[in-house]
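K.L.:
Let me begin by handing over the structure; questions about it come next.
The values are calculated or read from the model by the stated rules, or taken from the named source; none is laboratory data. Bear in mind that the values here come from a model prediction, so they are computed numbers and not experimental data. As a convention, Cβ positions derive from the backbone with ideal geometry for all residues, glycine included, and neighbour counts pool all protein chains shown. Surface accessibility is based on the protein's heavy atoms, side chains included, excluding ligands, DNA and RNA. Shrake-Rupley method; radii C 1.70, N 1.55, O 1.52, S 1.80 Å.
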Amino acid sequence: MLDTTGLTAAVERFADRLRAAPQSRLQRGAAAEALELARELARRAQEVESPGTPPRIMPDAGVFAVADQLTVAAADLAEALRTAPSRGAAEVDEAAELVRAARERAGL
């Protein structure tokens, strides 16, 4: 089974920082950055689970929900990659790098 610890650990750090961030920081772009990342992770999970099916777009549930949305999207992707026989560690590493880059852009 594929080890997705790097992805889940990176997401947990980012989500914790989002939850601790003041509303002003979230509204200045951190929440938007996190939502964009959550949508990308959700899209990737859907692609693994249902190739060829148009992805559903994660809705914007507000700045205070984005940490939870990010956590759920990452958990979905991690599980999809763990159970997909044709997927590899490179995809986990790539997703973890997306998380790190988004956290930097968000200033968290």
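K.L.:
Taking 0.36 nm per residue of sequence separation and subtracting the Cα-Cα distance, how much length would be gained by fully extending the chain between Asp16 and Ala75, in nm to one decimal?
P.N.:
Taking Asp16 through Ala75 to full extension adds about 19.7 nm, to one decimal.
K.L.:
Another one. Angle check, please: helix 5-20 long axis (alpha carbons) against the longest principal axis of the chain (alpha carbons), in degrees 0 to 90, nearest 10.
P.N.:
Compared with the principal axis, the helix lies near 20 degrees.
K.L.:
On the accessible surface of the chain, probed at 1.4 Å, how many percent belong to carbon and sulfur atoms? Don't skip to the end; give the middle numbers.
P.N.:
Values: 3100 of 6020 Å².
The value for the chain is 52 percent carbon and sulfur by accessible area.
K.L.:
Can you tell me the 0 to 90 degree angle between the C-alpha axis of helix 31-49 and the longest principal axis of the chain, rounded to 10?
P.N.:
10
K.L.:
Here's another thing I want to ask about it. Distance in nm between label sites at Ser86 and Arg43, each 7 Å beyond Cα in the beta-carbon direction?
P.N.:
Rounded to a tenth, the inter-label distance reads 2.0 nm.
K.L.:
Ok, one more. Note the angle between two axes, namely the Cα long axis of helix 89-106 and the longest principal axis of the Cα atoms of the chain, as a number of degrees from 0 to 90, rounded to the nearest 10.
P.N.:
10
K.L.:
Keeping every protein chain present and rolling a 1.4 Å probe, give me the accessible area per residue for the chain in Å².
P.N.:
Result: 56 Å² of accessible area for each residue.
K.L.:
Let me ask something additional. Any idea how far apart Gln27 and Ala9 come out in nm if each label point goes 7 Å out from Cα toward Cβ?
P.N.:
3.6
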